[in-house]
Amino acid sequence: MQLNEAVQLIQKKFMAEAQGKSEGPELDEYQDAFDRFPVMMEVATYCWADQIVQQNYEARKRMTEQGAAGGEAPQGMA
């Protein structure tokens, strides 16, 4: 299993769970991959989580910069 493939499985699982699914092919595929490639799936989980953190950081940074350019802080950041 390649890292990109593992990250995609994690993304699919996350989206399925976000839609309230507790069963389905996405979750079965994820569990199978985790059973067969536990280390790769752990690494992929870390990489995926890091991507989310970086995206959130960049979005927050843009909001802050836009607020500073407009003379006021975005809501919830004052």
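The values are calculated or read from the model by the stated rules, or taken from the named source; none is laboratory data. These numbers were taken from a predicted model, which means no experiment stands behind them. Because the Cβ atoms are built from the backbone with ideal geometry, glycine has one as well, and the counts that use them run over all protein chains shown.
Might you check whether a residue that is in contact with a helix residue (DSSP H, G or I) (Cβ under 6 Å, 6 or more places away or on another chain), surrounded by 11 or more Cβ atoms within 10 Å (Cβ to Cβ), assigned to a helix (DSSP H, G or I) and aromatic (Phe, Trp, Tyr) occurs anywhere in segment 37-49? Yes, segment 37-49 contains at least one residue that is in contact with a helix residue (DSSP H, G or I) (Cβ under 6 Å, 6 or more places away or on another chain), surrounded by 11 or more Cβ atoms within 10 Å (Cβ to Cβ), assigned to a helix (DSSP H, G or I) and aromatic (Phe, Trp, Tyr).
Among the candidates Met15, Met40, Met1, Met63, which residue alone is modelled with pLDDT of 95 or more, out of contact with any strand residue (DSSP E or B) (no Cβ under 8 Å at 6 or more places or on another chain) and not polar (S, T, N, Q)? Give the steps one after another, and end with the answer.
Values: Met15 fails: modelled with pLDDT of 95 or more; Met1 fails: modelled with pLDDT of 95 or more; Met63 fails: modelled with pLDDT of 95 or more.
None of the other options fit; the residue is Met40.
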